[in-house]
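Engineer: Would you mind keeping the following structure in view while I ask a few things?
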Amino acid sequence: MGTLAEEILSARLGRPVVAGETVVVPVDVVMSHDTTTALVAEAMDDLGRKVARPERGVVVFDHITPAATVAAAQQQQRAREFVAQQGIANLLTDGISHQVLPEHGLVAPGDVVVGADSHTVTLGAFGAFATGMGSTDVAVAYATGESWLRVPSTLAVRLEGSFPPAVEAKDLILEIVRRVGSAGARYQAVEYIGGAARELSIGDRMTLCNMAVEMGGKAGIFAADDRTLRWLEGRGSRPARVLEARDPEYLRVETVELDRLEPMVATSPRVDTGRPVSELAGMAVDQVFIGTCTNGRLADFATAAALLRGRQVAVRTVAVPASREVYLAALQAGYIESLVRAGVAVESPGCGPCLGRHKGVLGPGERAVTTMSRNFRGRMGDPSSEIYLVSPATAAATALLGRLADPREVA
Amino acid sequence: MARAWRFGDFVNTDQIIPGRYNVTTDRSELGRACFIELRPDFTSSVRAGDLIVAGEDFGCGSSREHAVIAILATGVTAVLASSFARIFYRNAINRGLAVLECSEAAEVEDGAEVKLDLARGRVVDCTGGRELLTRPLPLFAQRIAGHGGVLELVRAHGSLNGACGPECGAPMVPRHAE
């Protein structure tokens with residue numbers, strides 16, 4: 001009996017637990033990446049312990065890969081040593097952790113996942129309880145196979161209706177974050193429910209779970225269903241524990257009617273400032289970026305390619321597939337060719353310029369319109385640069401017109 | 001006497017240490033980059049034992065533990081805030097940076113002289129002439145803080161489970177799936 005978060009944690013513990021309880025829970029998957037693994041390795045050395053379950057450990061190179069600086073290369077050398085010393089079974093270099101873990105079948109519904117990256121919550125799209133922690137907590141999870149946490153209370157987001165033309169999951173999550181606020185779900189799980197939630201693709205679910213952390217959330221979760229199982233089929237993932245909420249007591253329920261949504265933009269430097277793109281259309285833009293764990297998937301490339309095919313971008317534009325699998329599929333579908341011909345710089349899979357370290361760093365006073373999840377001032381480069389968050393359709397329309405544009409203007 | 005360094009609401013980890021500066025684990029390098037863009041005078045003026053004071057949701061954003069390491073490397077031993085983002089909060093407790101939650105935190109002025117009594121969770125704002133009461137840590141976090149960090153706790157008890165008290169409910173039955 002309980003919310004999906006309570007059900008998953010109860011199943012994992014073999015006893016019923018409810019929100020507010022402190023639990024030490026076995027962890028199914030432990031992840032760290034090229035920026036956080038060096039600190040994990042230090043903590044493991046400090047503890048003098050070996051990884052408890054090397055087959056469930058995953059180190060991903062995604063933040064600065066291929067290495068852009070000597071310092072980044074050194075961090076990756078340290079991470080490779082750690083993987084070798086500890087016998088960790090999975091070193092992935094083919095895309096963003098939150099995308100490639102499920103692609104490699106390393107996440108199953110019902111899992112408890114701990115990752116040294118705040119956007120680990122993305123994996124809740126697969127019916128897992130996935131949360132981000134720091135390197136020391138992750139080292140403890142590697143060493144002991146367990147983690148501690150307070151069972152979260154849950155904010156339920158009930159989705160009704162269907163998207164109007166040119167409106168996407170990103171517009172929906174920007175509206176949800178606007179309503180809830182950037183700390184409005186702090187320490188809570190965000191569970192997506194309702195008829196429309198069932199209809200969403202896995203990619204859309206990932207976009208919604210991904211930004212749970214932008215509301216302070218501990219997890220974003222969808223109940224696994226046939227769509228989840230079909231997506232994971234043939235990827236070698238472990239048996240699914242398909243769970244759903246049973247007579248849940250939610251802290252609150254926020255209902256969103258998809259039919260009433262418009263293309264949205266969150267303005268610099270706060271993620272909860274979403275407003276209709278139409279209100280700001282025409283705003284000057286220096287760079288467009290399409291990609292990241294929020295919106296770097298095949299459907300996002302399809303959307304961008306559909307708008308840019310046979311046309312030319314009017315502002316510098318960077319596109320980064322979330323993974324090699326996405327990259328290959330986008331190549332085969334012709335999306336990459338459309339983007340390249342339109343003048344887009346298509347970069348190799350990974351986090352791309354989201355961290356302000358490579359592949360599209362912003363100069364003083366520059367303004368980017370991006371499909372990222374976070375618009376903290378200066379995140380992409382100079383401290384005076386600005387980031388505006390939008391959907392792939394809005395990003396592509398903006399690239400085309402060279403100013404912030406509602407995708408319905410160019411469709 | 002310690003000095004209070006006042007920051008606003010929603011100070012994020014990119015502001016504590018921007019992503020361009022955390023590609024290292026070197027303590028002094030991380031310390032030099034602490035608040036490098038938000039408050040460039042901070043590292044040259046801060047003294048060991050000083051206090052950071054902030055509003056809502058301090059430490060929101062990324063999971064980077066470099067943010068806690070950078071603050072500790074400046075000599076700051078405690079952060080007093082109206083509220084904390086959860087990953088930063090855990091990271092701080094894990095590394096022995098005191099995180100003090102206090103609804104009146106925003107009333108402490110920048111540059112105020114403060115006295116810290118971390119053992120009792122008290123902060124005396126000498127300039128404002130008041131004593132601030134802080135919210136106690138959750139029980140399990142108290143256990144970690146009592147050991148000086150989570151690695152010390154694991155070393156002492158062999159595992160997290162071994163450190164569990166009554167607040168953790170029934171003992172965990174490990175059920176590792178195949």
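Just so you know, all these numbers are worked out from the coordinates, no wet-lab data involved. It should be emphasised that the depicted structure is a prediction, and the values quoted were computed from it without experimental measurement. Glycine also receives a Cβ, built like all others from the backbone with ideal geometry; neighbour counts cover every protein chain displayed.
Engineer: I want to check the label-to-label distance for B:SER45 and A:GLN332. Put each point 7 Å from Cα in the C-beta direction and report it in nm to one decimal.
Structural biologist: 6.0
Engineer: May I pose another question? What is the spread of the Cα atoms of the stretch A:265-410 along each of their three principal axes, largest first, in whole Å?
Structural biologist: Largest to smallest, the principal-axis extents are 38, 32, 23 Å.
Engineer: Listing A:TRP231, B:TRP5 from the residue with the fewest other Cβ atoms within 10 Å to the one with the most, what is the order?
Structural biologist: Taking fewest neighbouring Cβ atoms as first place, the list is A:TRP231, B:TRP5.
Engineer: Calculate the FRET efficiency for A:GLU249 and B:GLU131 from the Cβ-Cβ distance with a Förster distance of 45 Å, rounded to the nearest 0.05.
Structural biologist: 0.75
Engineer: Go ahead and set up a Gaussian network model of chain A, Cα springs under 10 Å, then flag whichever of A:THR144, A:THR154, A:THR292 fluctuates most.
Structural biologist: Comparing A:THR144, A:THR154, A:THR292 in a Gaussian network model of chain A, the most mobile one is A:THR144.
Engineer: Using the charge dipole of chain A (Lys, Arg: +1 at Cβ; Asp, Glu: -1 at Cβ; taken about the Cα centre), state which of A:VAL190, A:GLY291, A:PRO109 has its Cα farthest towards the positive end.
Structural biologist: It is A:GLY291, whose Cα lies furthest towards the positive end.
Engineer: How many nm separate the modelled label positions at B:ARG155 and B:ALA119, each set 7 Å beyond the Cα in the direction of the Cβ?
Structural biologist: Computed distance between label sites B:ARG155 and B:ALA119 equals 2.2 nm.
Engineer: Can you quote the Å³ per residue value for the convex hull of the Cα atoms in chain B, rounded to an integer? Intermediate values should be presented prior to the final figure.
Structural biologist: Working: hull volume 23.9 nm³, N = 178.
Once divided by residue count, the hull of chain B is 134 Å³.
Engineer: For the stretch A:236-335, which chymotrypsin sites (Phe, Trp or Tyr not before Pro) are in a loop by DSSP, counting at most 14 other Cβ atoms within 10 Å?
Structural biologist: Filter output for the stretch A:236-335: empty list.
Engineer: Another one. Just want the ordering: A:THR371, B:THR134, B:THR77, from fewest to most Cβ atoms lying within 10 Å of their own Cβ.
Structural biologist: Least crowded to most crowded, the residues run B:THR77, B:THR134, A:THR371.
Engineer: What are the semi-axes of the equivalent ellipsoid for the protein assembly as shown, taken as the square roots of 5 times the Cα gyration tensor eigenvalues, largest first, in whole Å?
Structural biologist: They are 35, 28, 23 Å, listed largest first.
Engineer: Please compute the length gained on full extension between A:VAL242 and A:ARG80, using 0.36 nm multiplied by the number of residues separating them and subtracting their Cα-Cα distance.
Structural biologist: 54.9 nm
Engineer: Also, I was wondering about something else. To make sure I understand the rule: partners must be lysines, Cα under 30 Å from the Cα of A:LYS50, and not fewer than 8 residues away in the same chain. Which ones qualify?
Structural biologist: A:LYS218
Engineer: Taking DSSP loops as anything outside H, G, I, E and B, show the longest stretch in chain B free of trypsin sites (Lys or Arg not before Pro) there with at most 14 other beta carbons within 10 Å.
Structural biologist: For trypsin sites (Lys or Arg not before Pro) (loop position, at most 14 other Cβ atoms within 10 Å), the longest site-free span of chain B is B:48-174.
Engineer: Kindly state, to the nearest 0.05, the FRET efficiency for B:GLN142 paired with A:THR93, given R0 = 51 Å and r defined as their beta-carbon distance.
Structural biologist: 0.80
Engineer: Okay, next question. Shielding of B:144-150 by partners, i.e. mean partner chain Cβ atoms within 10 Å per residue?
Structural biologist: Partner-chain Cβ atoms within 10 Å, mean over residues of B:144-150: 2.
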